[in-house]
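Here the structure is laid out as structure tokens; the discussion comes afterwards.
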Amino acid sequence: MEKYAIGMDFGSDSVRALLVNTATGEELATAVHYYARWKEGRYCEPSKNQFRQHPLDYIEGIENTIQAVLAQVSKNVADAIVGIGVDTTGSTPVAVDRTGTPLALLKGFEENPNAMFVLWKDHTGIKEAAEINQLCKEWDIDYSQFEGGIYSSEWFWSKILHVSRTDKDVLNHAYSWVEHCDWVPFLLTGGSDVSQMKRSRCAAGHKALWHESFGGLPPNDFFVALDPILDGLKNRLFDETFTSDVSAGNLSEAWAKKLGLSTNVVVAVGAFDAHMGAVGVNIQPYFLTKIMGTSTCDILVAPNNKDEHLVKGICGQVNGSVIPDMLGLEAGQSAFGDIYAWYERLLAWPLKELIGSTKILDDATKEKVIEEALKNLIPQLSEAASKEPIGASGELALDWMNGRRTPDANQNLKGVIAGINLGSTSPKVFRALVEASCFGAKKIVDRFINEGIPIKGIIAIGGIAQKSPFIMQMMADVLNMPIKIVKSQQACALGAAIFGAVASKTYPNTFEAMNVMGSPFENVYEPIAVNVPEYQKIYKKYGELALIMEDYTMKTI
């Protein structure tokens, strides 16, 4: 009898569910749910780098997407679903009570942003991250050594400490803190005791200072030295972690009834989206998989080695964070697609205001004109920018609009557009922004290679990879490497489904499941030889500007 698995991919703006045939990897049905509260901009203050998400957005997303997927297939298929896998953004933690319930679901906290999930790109904990880094360097053991040696404001402890200092009500009611990728499987399996929650090896190792050689998390006295308000929290968290081939439990009766599934369905331990995306493309050792969305996450796996080399300035290296019994290494850019979205908003403001206020069009026509213009804005900018020479007219940008993740995390940094002149046009500036995002990607590749980690090839996942030949060709030219484009439009959800199949014992291990269910490639971008040296010249200028602006920024904060 054929078996099926569902992968759930919780992104920054939406959640997707994907139904997959475990015997063939065929993607039978998919559905997407956009977070209603997030879409309205509630609980967020971008100018303060505050980005929060309400757990109800996630709960509604689970119900709507799985029900929509099941509506597209027969009852026989629905009855043959054996596993569910879950991936989320991260680090995206939330304060919970003893039952593992997020405080935002409790009376009195419903509208409190500090009681909600602190999204990965929330940088309100910059000060706290700096304190963690200082303490790690002063302590007998540098607990950040397996996380690139630099702790980020995007990660678990920075966010916990910032919220705890900011909101005493949350501090006093928070029994523990959990990652989004840990909470969803716990919710689906009917968990009611947070101490029994199976915590993700991926999340704990890359973002929470957890490592096997430490015996788990750093000791309580480390956190007390950081801030006495953390006293005792470590004992209400975890020491043991789990890879995603492990079952978190079976679907609870309540959720099985709500979704129209069986309680025989196994829910896998969760992990971060990029790591599961790498599994969805059948990642091989030393091939860098780039998950290209609002930001990028760059994932690489390598055989475990007793003499493990610590790579400086990345987002961690963790045994089993991607594939069990292999070393997973993570890097990334804090903004990628977000840069293009920002530029689109910048240009769209006068368009919306002028068309919206004109007297010569009715309201329905105004909406259609604006909608069509916005739909075509980035594609037409890309077309025009592609006709500009490399480096355009001297415009040069830095891709730090949301800080820098890798190499050497620094969320104090800001984006820069330099070299503006009276001949600068929208396409020229856009080209500079795209070049900057590609140069940021090259910085990551260079760091791995300079640290002795070979890069055998590049694999690209995501909407930008599939929809923007302009960006992807430039990336291949800048990196001077072929880039393989994955066929599946839902590679992260596919990776989650693969783990759903493994956790349900449909496959004995992750490798066998990947070989059958992993997505093939649909395209390859080869570097254009004549472009490579031209980009190298601009890349050198990018590096020089980066040094100047980082020095300036750190002197002025």
Fill in the blank from the handout: When Arg37 is run through (1) surrounded by 16 or more Cβ atoms within 10 Å (Cβ to Cβ); (2) not in a helix (DSSP H, G or I), the failure sits at (2)
Exercise for the section: Could you please find all residues in region 235-271 being at pLDDT 95 or above, charged (D, E, K, R) and surrounded by fewer than 19 Cβ atoms within 10 Å (Cβ to Cβ)? Expected result: Arg236, Glu240, Glu253, Lys257, Lys258
Practice task
Run down Ala503, Ala491 and say which single residue is crowded, with 24+ Cβ neighbours inside 10 Å, on the phi < 0 side of the Ramachandran plot and under 22 Å from the mean Cα position of the chain (by Cα).
Solution key: Ala491
Practice task
Would you confirm whether any residue within region 448-456 is touching a helix residue (DSSP H, G or I) at 6+ places or on another chain (Cβ under 8 Å), over 24 Å from Thr553 (Cβ atoms) and either among the hydroxyl-bearing types (Ser, Thr, Tyr) or not assigned by TED's automatic domain parsing to the domain that holds Leu381 (or both)?
Solution key: no
Completion exercise
Of the listed residues (Ala409, Ala432), the one being among the aliphatic types (A, V, I, L, M), surrounded by 22 or more Cβ atoms within 10 Å (Cβ to Cβ), more than 16 Å from Lys290 (Cβ to Cβ) and at pLDDT below 95 is Ala409
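Every residue in region 239-270 that is in a loop (DSSP other than H, G, I, E, B), of a type in the set (Val, Ile, Thr) and touching a Leu at 6+ places or on another chain (Cβ under 7 Å), please.
Answer for region 239-270, where residues must be in a loop (DSSP other than H, G, I, E, B), of a type in the set (Val, Ile, Thr) and touching a Leu at 6+ places or on another chain (Cβ under 7 Å): Thr263, Val265.
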Practice task
Would you point out the residue of region 49-104, among those that are of a type in the set (D, E, K, R) and part of a helix (DSSP H, G or I), that is surrounded by the fewest Cβ atoms within 10 Å (Cβ to Cβ)?
Solution key: Lys75
Practice task
Scan region 7-43 residue by residue and report those that are touching a residue at least 12 places away in the same chain (Cβ under 8 Å) and over 24 Å from Gly495 (Cβ atoms).
Solution key: Ala36, Arg37, Lys39, Arg42, Tyr43
Practice task
Scan (1) surrounded by fewer than 18 Cβ atoms within 10 Å (Cβ to Cβ); (2) modelled with pLDDT of 95 or more; (3) touching a Lys or Arg at 6+ places or on another chain (Cβ under 9 Å); (4) under 30 Å from Lys414 (Cα atoms) for the single condition Asp13 breaks and write down its number.
Solution key: (2)
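In region 299-344, what residues are in a loop (DSSP other than H, G, I, E, B) and among the small types (Gly, Ala, Ser)?
Going through region 299-344, the residues in a loop (DSSP other than H, G, I, E, B) turn out to be 304-316, 320-325, 334-336.
Across region 299-344, the qualifying residues are Gly313, Gly316, Gly320, Ser321, Ser334, Ala335.
In region 21-34, how many residues are outside any strand (DSSP E or B), among the β-branched types (Val, Ile, Thr) and crowded, with 19+ Cβ neighbours inside 10 Å? Before the answer, list the steps.
Within region 21-34, the subset outside any strand (DSSP E or B) is 22-26.
In the following step, the residues that additionally are among the β-branched types (Val, Ile, Thr) were identified as 22, 24.
From what is left, the residues that are crowded, with 19+ Cβ neighbours inside 10 Å are 22.
Selection size over region 21-34: 1.
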Practice task
Enumerate the pairs (first residue in region 325-346 and farther than 16 Å from Gly415 by Cα and in contact (Cβ under 8 Å) with a residue 40 or more places away in the chain; second residue anywhere and surrounded by fewer than 22 Cβ atoms within 10 Å (Cβ to Cβ) and among the polar types (S, T, N, Q)) with beta-carbon separation below 9 Å, excluding pairs fewer than 6 apart on the same chain, so at least 6 apart or on different chains.
Solution key: Met326/Asn304; Met326/Asn319; Gly328/Asn319
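Tell me, which helices (runs of 4 or more DSSP H) wholly within region 447-557 include 2 or more residues that are without any contact (Cβ under 8 Å) to a residue 12 or more places away in the chain and among the β-branched types (Val, Ile, Thr)?
So the answer is 531-556.
The values are calculated or read from the model by the stated rules, or taken from the named source; none is laboratory data. Here the structure is a predicted model, which means the values were calculated and not measured. Neighbour counts are summed over all protein chains in view; Cβ atoms, including those assigned to glycine, are modelled from backbone coordinates with ideal geometry.
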